[in-house]
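Input: a single structure, listed below in structure tokens.
The values are calculated or read from the model by the stated rules, or taken from the named source; none is laboratory data. Computed from a predicted model, the values in this text were never measured in an experiment. Here the Cβ positions follow ideal geometry from the backbone for every residue, glycine too, while neighbour counts run over all protein chains shown.
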Amino acid sequence: MQRRFRLSRSEDFKRVRRTGKSYAHPLVVLVAQASESHKQIRIGVAAGKTSGTAVHRNRAKRLLREAIRPLIPSMTLRLAQDNTSGWDLILIARPALAGATLTDTRSALTNLLKRANLLPAVDESPG
RNA sequence: CAGGCUGGUCGGGCAGUCGCGGUCCUGCGUUGACGGGAUCGAGGAAAGUCCGCACUCCUAUAGAGCACGGCGUCGGAUAGCACCCGGGGCGGGGAAAUCCCAUCCCUCGCGGAUGGGAAAACCGCCGAUGAGGCGUGAACCUGCCGGAUAAGGGCCACAGAAACAGGUCGCUCCCUCCCCCCAUCCCCUCUCCCACCGGGAAAGGGGUGUAGGGGUGAGGGUAGUCAGAGUGAAAAGGUGGUGUAAGAGACCACCGGCGCGCGCAGUAAUGCGUGUGGCCAGGUAACCCCCGCCGGGAGCAAGGCCAAGCAGGAGCGAAUUCGUCUGUGGACGAUGGGAGGCUGCUCGUCUCCAUACGUACCGUUCCCAACCGUGGGAAUGGUCAGCUCCGGGUAGGCUGCAUCGAGCGGCGCGGCGACGCGCCGCCCAGAGAGAUGACUGCCCAGUGGCGCCUCGGCGCCAUGGACAGAAUGCGGCUUAUAGACCAGCCUGGGGU
RNA sequence: AGGCCAGUGGCUCAAUUGGCAGAGCACUCGUCUCCAAAACGAGCGGUUGUGGGUUCAAGUCCUACCUGGCCUG
């Protein structure tokens, strides 16, 4: 995931965390909010101190980025279908993510994105 | 072969696919939220932040004093360092294996577990060289380091007479008093001898007590003394003797410690030897303190630059008439005027202002009323178009900041070493919600299982790689770390 | 990045100049009660966060580490 698709501003994080809608999973938490200022998907990744030391925090964030990377084209397709505006997403790692594999994380993310109505429900093979 | 210690190196490798960040180059009928290529991309600790620096600001080549803090054996190394290197002193640790014995267990053997012990030689230490004693004695590792004579203060619980110094108990000496014993003297009784006036000897009892000797007890002393006094972590050198009224380093022999002098070794700390002196010299300075040395403070979220905006500050700053309506407070319109925007300037156009300053608004102080909110009065200060200049802090962008450095690698030389010098070669991560990841295959250590035999090797299968992620940089230290390899040293056993 | 503080029984806290680790609540047992509660009495419960050091002696002093919390911009 290239850097320009990432959420990086501190005020953006605050706004999404305050007004966005959240979806929880034992491995990860998704917070999503529609945005009118741009027409794309921006994704921020966070791992708190409860995730462990710096090694574990970095590993959790890499895992989340690698897991959501193949799901971005489906989401853009879905947004093109709805002709809606852009979306800001935040993925927050939970402590159990340290022992998870890539496939576990990817299925968890697919589940969350379908619940958030950000993936085409008909498409059963993402990526 | 088994085990130990120390030092050093590495910290999985190769290939493929997808993905991320930096730099450079590059493509275009589409200059894009576009594509392509090359190259580079975590560590020995990046960590903790315990020290020392570079660099930046305060703020100026941080210079002096005080306070405060840190450090403190000697020499060296270094830009610097308290922790680096090499010495010195004092202290602590130092497995197992081998042999023997005891007990227990079992698959009964040259078995295992636990506990205890270990000769000679050699070595180390104590002991004047010795005799003797102690030690299964190693390699090696590790903690600490100014001053408590001869600046001063504090503290040393409990116990103990006493915690550092005079005194207490005690031991002596002297004086006084009481008592006892002995000797002298006197008297009485009995026995024996000479012998018959009597004398002598011995035993027992009593009395006297002046002078004499000894002992016990009590009281007292400007007396001597610290040998002894159960305690305690610690009690003023140790052992033996001389000596004395009693004692004591008071004196003597040997030894221990400290100070001073000399000689030798060493740059020095210090060590060894020797002479001498007096034993007055308890511990604690990781208690205050004294001596010597060092330190200005803050930190890359330091600091610099940029655009916009805001708080705030300073300054400039114009003043006409006419008409209509009216509740006479004002409102509207016109004319010209003022300030500014658009522009390089003029014209033009647009916005705002205007006798507006008052029965306005905002504060402060005082008085009155009121339960409060508040209201009334007085005094006093400020504001009332707009523009110009200065101008923050935070957030944002650029920078500091990623190639020139206390830099890295190799070789050689010097040094025990930390390290230094010379030559050659190289440029080596740089983000900013924070890049180095994921998957697959093979190999390499390691572990487990199975099979084969020459009994420690081979083959197959499965499993499988720790601690940990740069954020201004660097040098030490500390802490975490699966394992692998190399070198040196030491102990024990076996073979030759 | 820098600075500061704390860690003591299950919980909340004391411990003066280094000198026998304590209090309240909780728990257990007993008295009281028909039974509880309350009250009263007794008891249990500690490697003072961990390691090393100084000292005769460490909760206290020094040092290294671990955990938790707070402050500044």
Under the condition of being in a loop (DSSP other than H, G, I, E, B) and touching a Gly at 6+ places or on another chain (Cβ under 7 Å), which residue from the range A:9-41 is modelled with the highest pLDDT?
A:40
Pairs with Cβ under 8 Å, 6+ apart, first in the range A:60-74 and more than 8 Å from RNA strand B (Cβ to nearest atom), second part of a helix (DSSP H, G or I) and of a type in the set (S, T, N, Q)
A:60/A:51; A:64/A:105; A:67/A:105; A:71/A:110
Within the range A:70-101, take every residue that is at pLDDT 80 or above and either charged (D, E, K, R) or over 14 Å from the mean Cα position of the chain (by Cα) (or both) and give me the one that is nearest to residue A:55 (Cα to Cα).
A:94
If you take the residues of the range A:39-58 that are more than 15 Å from residue A:92 (Cβ to Cβ) and buried (at least 16 other Cβ atoms within 10 Å of the Cβ), which of them is nearest to RNA strand B (Cβ to nearest atom)?
A:42
